[in-house]
Amino acid sequence: MNEVLDVIKRRRSIRKYLPDQIKDEELNMILEAAIFAPSGHNEQPWHFLVIQNKELIDRMSEKAKEAMMRSDIDWIVKIGQNTRRHIFHNAPTVIVVSGRKGSYSALVDCSAATQNMLLAAESLGIGSCWIGLANFFFQQEEEAKRLSIPEGYEPFYAVTLGYKDPSHQSIAPERKRDVFAYIR
């Protein structure tokens with residue numbers, strides 16, 4: 001099979017990591033993949049904050065969970081109440097993906113960059129997970145200021161990175177196949 005297609009099909013969201021920090025060389029390759037994502041009008045409206053400080057990552061998880069408990073959505077409240085749940089899955093590296101306000105398509109462009117990171121990580125044998133629940137942390141203005149995200153940017157998502165715990169295997173769920181239509 002084509003190597004790129006194999007990586008795409010093999011990539012899973014990893015939620016159990018070894019505690020070891022990923023190598024800087026691997027991190028740099030993943031970040032390089034991010035900036036080679038397509039962007040509308042080639043604006044490249046992204047900023048990536050790499051966090052490898054366990055205390056800060058733990059604080060972000062706790063503060064996000066506190067906010068999640070105030071949600072109107074039951075499953076979000078349950079995650080917030082789960083004392084054993086860490087929204088970053090105890091990953092040693094978290095990357096906050098932010099987009100420049102006022103850009104033509106910052107959210108889409110940052111999403112493409114995020115997908116590039118996930119695929120690059122898989123190609124290197126590194127686990128990753130796209131974390132949308134990080135928004136509950138970002139919405140807390142005083143907490144989000146701790147991240148020193150550049151003026152004019154807003155955080156959208158986080159990505160966790162780390163070496164996969166071999167005791168935890170992820171199996172791809174069956175894919176929906178009735179989602180294609182053709183006009184020829």
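Listing for the model above:
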quantity: MRE, 222 nm, helices only [DSSP H, n ≥ 4, -39500 (n - 2.57), over the chain, to nearest 500]; calculated: -11000 deg cm²/dmol
quantity: At most 15 other Cβ within 10 Å, DSSP loop - chymotrypsin sites (Phe, Trp or Tyr not before Pro), the stretch 111-180; calculated: PHE180
quantity: Fraction in percent of alpha-carbon pairs per bin - 5 Å, the chain; calculated: 1, 8, 15, 18, 19, 18, 12, 6, 2, 1, 0, 0
quantity: Longest segment of the chain lacking GluC sites (Glu not before Pro) that sit in a DSSP loop with at most 13 other Cβ atoms within 10 Å; calculated: 1-150
quantity: LYS145-GLU62 FRET efficiency (beta carbon distance; Förster radius 25 Å; 0.05 resolution); calculated: 0.90
quantity: The chain - percent relative contact order, Cα under 8 Å, separation 6 or more; calculated: 34
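The numbers here are math on the coordinates, done by the rules we state, and not lab data. What you are looking at is a predicted structure, and each value in this text was computed from that prediction instead of being measured. Positions of Cβ are generated from backbone atoms using ideal geometry, with glycine treated the same way; all protein chains shown enter the neighbour counts.
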